[in-house]
Amino acid sequence: MTTSDSSPGADREAARDLALMLVLTFATGVVDAGGFLGLDTVFLGNMTGNVLILGMGAAGADGLPVFSVALALVAFILGAGLASLFLRSDRRGWSPRLTAVLAVSASLVAGTAVIIWAQSTEHVAAMFAVGMTACAMGMQAAAARSIGVADVTTVVVTSTITAWAIDMFARPGRATIVNRRSAAIVSILLGALVGALLVKVALWSVFAVAAVISAVVVVCGYVLASAGAGEQAGV
């Protein structure tokens, strides 16, 4: 008799988590387009860009939004840190605590949409929007790390592009070109495209759409995880 760690239930869970994380990656692209094009050229999810801007600002480069970028970086760190503490004793995978973290993250992005809708791009409102959304993205990143889908962090794709390129050149073929890595890259690219188009409509709509997408992920994740737990309990 042979045993395997892989089972239909485990495969469904892995596919579910991958799909939901790719949707969140798309939402990050939407949010980052809104932040960069509408909120003082700040990245709200991709902190690598913000660190570079801070470095150039420290060298005295003109016209860089140093305060906004620093605020986003601090808020992201705070969100990621608090979420990771909350999830520290949690089991790996989708759990009630992880649902709560992503629900708060979606709520913060929704709050950003409301603030921008009510106050447009008035400076203080814009800073609140930057802080709230960057904090939400930090929480999302911590949640994605807790779920543990390889190569899909939901907020950055530099390491994903590196791994994808290495495998593609080492073992050329469909499997190394079309996979979760390329899906993550395309997801954030399409998200940025949609976000940029929404900026032309109304800045608040960028964050409203991202919040709705995140909320759908929360609901789907909770429902599917609960259904999976029920199936396991019935076995």
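Observations
- If only residues of the stretch 111-164 that are hydroxyl-bearing (Ser, Thr, Tyr) and surrounded by fewer than 24 Cβ atoms within 10 Å (Cβ to Cβ) are counted, the one that is nearest to residue 221 (Cα to Cα) is 146.
- Contact annotation: residue pairs with Cβ atoms under 6 Å, 6 or more positions apart or on different chains, pairing a residue in the stretch 217-233 that is under 9 Å from residue 94 (Cβ atoms) with a partner that is modelled with pLDDT of 90 or more and among the aliphatic types (A, V, I, L, M), are 221/20.
- Single residue of 114, 194, 155, 130 found to be under 19 Å from the mean Cα position of the chain (by Cα), at pLDDT 90 or above and over 30 Å from residue 89 (Cα atoms): 194
- Checked against the criterion of being surrounded by 20 or more Cβ atoms within 10 Å (Cβ to Cβ), at pLDDT 95 or above and part of a helix (DSSP H, G or I), the stretch 3-18 contains not a single residue that satisfies it.
- For the stretch 135-173, the set of residues classified as farther than 18 Å from residue 100 by Cα, in contact (Cβ under 8 Å) with a residue 60 or more places away in the chain and in a helix (DSSP H, G or I) consists of 158 only.
- Test: residue 177 is aliphatic (A, V, I, L, M) and closer than 20 Å to residue 19 by Cβ: yes
The values are calculated or read from the model by the stated rules, or taken from the named source; none is laboratory data. It should be emphasised that the depicted structure is a prediction, and the values quoted were computed from it without experimental measurement. All Cβ positions, glycine included, derive from the backbone under ideal geometry; neighbour counts span all protein chains shown.
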